[in-house]
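Right, one structure below, let's go through it.
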Amino acid sequence: MTGALVTGAASGLGRFLHRALGGEGLTRQNAASLLEGPGAELIVHCAADARRAATAAERSAQRRANVELTEKLCRMPHARFVLMSTSDVYAEDGGPWGEAGPLNPRNPYAEDKVAAEAAVQALAKRPLVLRLGTLLGPDARPNALSRLVDGTAMTLAAESRFSWLPHEDVLAFLTLALDRGLEGTYNVVPSRSATLAEAARALGRTPAWGAHLYRASEADGAKARALCPALSRSALENAMTFAKQRA
């Protein structure tokens, strides 16, 4: 077996973690060959097809493909398995939700992650599931915060709320978890969420707001925060650091 296998290595968190951890990076282009390979000591599964499906049939096929990929990875030889999930597996209202709280996925991406979590818990060795906030980093997809920072058109309402989390904090917790041999499920989120309006005031921006309201699920990150000091930063602090790095 190789040292590490990181999925989704073409972009986003997968690309960031692949650079940090080394080993093999699985992408759409090399997936077929790597899935037939010898396996890895550590599998870190970040990939999920999150493209917007036009029809219900396309969405169903997309979900099957995401679950099948997870199951194939779980069946590869490995010693540790880490799944990058999302805090959107919890309900929009209520909370803060602890790791044992009820799952109520609020969008298709979160629904796929719930299915992936179930497959990992059933099939993987020494599984670790990280339910993450809204990710920030140079390789992340454009999002509401990057549009606010760049001064481009906003589609979301000012009171939209996010749990912004930098890629570096995910790596910090993952490194600690692997060193300590942690298993189970952890909410890896900042200490406090923040609204776009709060970020705009801190940045001195006065954009024209959109109409759509998004509210991140309020996940209780106390368990992970007690182990990893980096998670004591708030979403607004993380947003300001991201803005400085992007300038």
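The values are calculated or read from the model by the stated rules, or taken from the named source; none is laboratory data. Nothing here was measured: the structure is a model prediction, and the numbers come from that model. Here the Cβ is made from the backbone with ideal geometry for all residues, glycine too, and neighbour counts use every protein chain on show. Surface areas here come from the heavy atoms of the whole protein model, side chains and all, with no ligands, DNA or RNA. Shrake-Rupley method; radii C 1.70, N 1.55, O 1.52, S 1.80 Å.
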Check your understanding: Does any residue of the stretch 180-188 turn out to be outside any loop (DSSP other than H, G, I, E, B), farther than 21 Å from V129 by Cβ and aromatic (F, W, Y)?
Key -> no
Revision key, fill the gap. Over the stretch 220-247, the set of residues under 22 Å from N107 (Cβ atoms) and out of contact with any Leu (no Cβ under 9 Å at 6 or more places or on another chain) is D220
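Say we look at the stretch 56-67 and pick out the residues that are open to solvent by 70 Å² or more (accessible area, probe 1.4 Å) and not hydrophobic (A, V, I, L, M, F, W, C); which of these is modelled with the highest pLDDT?
Filtering first and then ranking leaves R64.
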Check your understanding: Are any residues in the stretch 139-154 out of contact with any Lys or Arg (no Cβ under 8 Å at 6 or more places or on another chain) and either among the hydroxyl-bearing types (S, T, Y) or touching a residue at least 24 places away in the same chain (Cβ under 8 Å) (or both), and if so, which ones?
Key -> A140, R141, A144, L145, T152
Revision key, fill the gap. Log entry, pairs with first residue in the stretch 215-231 being in a loop (DSSP other than H, G, I, E, B), second being charged (D, E, K, R), beta carbons closer than 7 Å, six or more apart or on different chains, reads A216/R161; S217/D88; S217/E92; S217/R106
Exercise for review: Among the candidates E99, E111, E168, E198, single out the residue that is touching a strand residue (DSSP E or B) at 6+ places or on another chain (Cβ under 8 Å) and either among the hydroxyl-bearing types (S, T, Y) or in contact (Cβ under 8 Å) with a residue 24 or more places away in the chain (or both).
Suggested key: E99
Revision key, fill the gap. Exactly one of L145, L103 is crowded, with 17+ Cβ neighbours inside 10 Å and of a type in the set (A, V, I, L, M, F, W, C), and that residue is L145
Practice item. Return the only residue of R141, R205, R192 being closer than 25 Å to G98 by Cβ and in a loop (DSSP other than H, G, I, E, B). Key: R192
Practice item. Please tell me if A200 is crowded, with 16+ Cβ neighbours inside 10 Å and not hydroxyl-bearing (S, T, Y). Key: yes
Review point. For the stretch 28-45, how many residues are under 19 Å from the mean Cα position of the chain (by Cα), open to solvent by 10 Å² or more (accessible area, probe 1.4 Å) and modelled with pLDDT of 95 or more?
Key: 1
Exercise for review: Among the candidates T152, T175, T134, single out the residue that is buried (at least 18 other Cβ atoms within 10 Å of the Cβ), out of contact with any Gly (no Cβ under 7 Å at 6 or more places or on another chain) and hydroxyl-bearing (S, T, Y).
Suggested key: T134
Point to revise | Within the stretch 155-172, tally of residues that are farther than 20 Å from R233 by Cα and either open to solvent by 30 Å² or more (accessible area, probe 1.4 Å) or not hydrophobic (A, V, I, L, M, F, W, C) (or both) | key: 2
Check your understanding: If the Cβ limit is 8 Å and pairs must be 6+ apart or interchain, which residue in the stretch 24-38 that is closer than 15 Å to A4 by Cα pairs with which residue that is basic (K, R) and part of a helix (DSSP H, G or I)?
Key -> G25/R15; L35/K72
